[in-house]
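These notes concern the structure reproduced below.
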Amino acid sequence: MRELKTIKELNQEAHTLAVGSGLVRHRDVIYIPVDYETRDMSAVPHAPPPIERTIWIPLSHSEIEQLAGEQFDTAFRGKTERDNFCYMLAQHAEQSDKDISTLLVRTKQGLRELNEQGELVDSPQEFRPNTLYPMLNEDQADKDKVFAVISGWLESDEEAHSLLRHLATSLAPGWSAVKYVLLLGDGRNGKSVMLKMIEGLFGRENVSSVTRQMMSEQNATVTELNGKLLNLIYDGRSEYVKDSGTEKSLVAGDPAPIRKLYDSTVTMVQSNALFIEGLNREPKTKDKSSALQKRLVRFHFPRVYPVNIKFQRDMLTEKTLGAFLALLIEHYVTFDEVAEALAPTVKAKELQLEHQYANQLGMQFLQQVVEKDGIDAVLGQPMPELVERFIAWRVSEFDTSWSEVSAAEQLQPLFETELKSKRTGKQVRKVRMVVALKEETTEFIESLKGEDTDDEIIEAVVADGDV
């Protein structure tokens, strides 16, 4: 029968459990060492396995409660006392604050470390918080099968390679790819199976589920990001995202202060996790800046498939997940390769422009102006005149809610501007002028032309057999 204990007794039990089990505290998360094959933490008393067979699993508060009951027959008076015991346990655990840049992989040759060059080497003799559990499967036929499925979902080998390179950045916990991957498309198109494969490979211990809206609201659940390799959302909310400041910090791997419920102090959240979200429709955001758009990368799943339970089960077997892991290792991206390896594909740029057009009235206004009067009606023009023209356009659409300030906020992200002297009658005054287009604006203007390049024309002629 489990018994209630005094605070002194609970503190002694926390010390015994932490030291005897070899617990490690890393970024406010408590880890327990277990054997990489059995993953058994229920032995009483629990003793760490040989270091060459050791992996570390994060402990939840409920798992700590279970361990205290198994080892000491301890019962807690309530959630508050249990949480206090967890806090004691964290203080007695070995403290590890150093940055971690590698993770552990199960192979047929035993436990291996995936280093910063994407190479499998002997397992280290020290703490590593992240382990991938499915056995690595390097069979070429199995790898080809998985790649063919992903390529079929995306209808493009190029898109499949790009997606695999983005996913592979989650194998490098030492740095952030500064990317938020969006999987777009209607139902029954492979998105959910893809996300289940990712979660099956990395395991719930390495995955959090914090939405963009939670980050916008600085919800306490954002603290779940600490120590994770991935942040995975199966069916993202299409609700408006009004503040992207915290999201941009977290996606970039920068620290963000989050206050937990009923806690007067803040918890620093910092993660190099790759953010992945499945969406039917991408939410609109208040942030129109290019900084946010450069973090977002989109992949479209255009096909619709009949329900096939057997296929889904096959894609989630350890054999298939092991082949999926082998593909990710083959697409491993080092820190120095990020700019080139994660460059957006043509399709990704198209999806970005489509979203920006739908999300930004400034883009829609620009299309009206360019199609009617040409680009010269924008370049070299005073911003106040463009603002007046924008407001007049909105009034013509029966939208009378715009002030000069709010209209300027819509147009400013599109242009490079400078203060220049402008004569009005006998007076000379400083006026903000449009001197150039932002990169995304230039791409949008080019997309409006609808003209084929010389290379595209030559390819089309060759395809028709005329040369």
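The values are calculated or read from the model by the stated rules, or taken from the named source; none is laboratory data. Keep in mind that what you see is a predicted model, and the values were worked out from it rather than measured. Here the Cβ positions follow ideal geometry from the backbone for every residue, glycine too, while neighbour counts run over all protein chains shown.
Among the residues of region 169-185, are any in a loop (DSSP other than H, G, I, E, B), touching a His at 6+ places or on another chain (Cβ under 9 Å), outside the structural domain of residue 232 (by TED's automatic domain parsing) and crowded, with 22+ Cβ neighbours inside 10 Å?
No.
Which ones in region 331-365 are touching a residue at least 40 places away in the same chain (Cβ under 8 Å), closer than 14 Å to residue 161 by Cα and not β-branched (Val, Ile, Thr)?
Listed by number, the residues that qualify are 331, 332, 341, 342, 344, 347, 348.
Is it true that residue 372 is of a type outside the set (Ser, Thr, Tyr) and surrounded by fewer than 12 Cβ atoms within 10 Å (Cβ to Cβ)? Explain how you work it out, then say what you get.
On the way: of a type outside the set (Ser, Thr, Tyr): yes; surrounded by fewer than 12 Cβ atoms within 10 Å (Cβ to Cβ): yes.
Criteria met by residue 372.
Take the residues of region 1-45 that are among the acidic types (Asp, Glu) and assigned to a strand (DSSP E or B): which is modelled with the highest pLDDT?
Checked region 1-45; the qualifying residue modelled with the highest pLDDT is 3.
Sort through 306, 283, 302 and tell me the only one that's under 30 Å from residue 410 (Cβ atoms) and not aliphatic (A, V, I, L, M).
283
Among the listed residues 199, 158, 126, 116, identify the single one that is in the same structural domain as residue 244 (by TED's automatic domain parsing), among the charged types (D, E, K, R) and either touching a residue at least 60 places away in the same chain (Cβ under 8 Å) or part of a loop (DSSP other than H, G, I, E, B) (or both).
On inspection, the qualifying residue turns out to be 158.
Six or more apart or on different chains, Cβ atoms under 8 Å: show the pairs whose first residue is in region 286-307 and over 19 Å from residue 350 (Cα atoms) and not assigned by TED's automatic domain parsing to the domain that holds residue 159 and whose second is at pLDDT 90 or above and not aromatic (Phe, Trp, Tyr).
Note: no pairs meet the criteria.
Quick one: in region 77-93, of everything that is without any contact (Cβ under 8 Å) to a residue 40 or more places away in the chain and not charged (D, E, K, R), which residue is farthest from residue 226 (Cα to Cα)? Give the steps one after another, and end with the answer.
As a first pass, look at region 77-93 and keep what is without any contact (Cβ under 8 Å) to a residue 40 or more places away in the chain: 78-80, 82-83, 87.
From what is left, the residues that are not charged (D, E, K, R) are 78, 80, 87.
Details: 78: 26, 80: 22, 87: 17 Å.
Out of the qualifying residues, it is 78.
Tell me yes or no: at least one residue of region 125-132 is within 28 Å of residue 345 (Cβ to Cβ), over 21 Å from the mean Cα position of the chain (by Cα) and among the charged types (D, E, K, R).
For region 125-132, residues within 28 Å of residue 345 (Cβ to Cβ), over 21 Å from the mean Cα position of the chain (by Cα) and among the charged types (D, E, K, R): absent.
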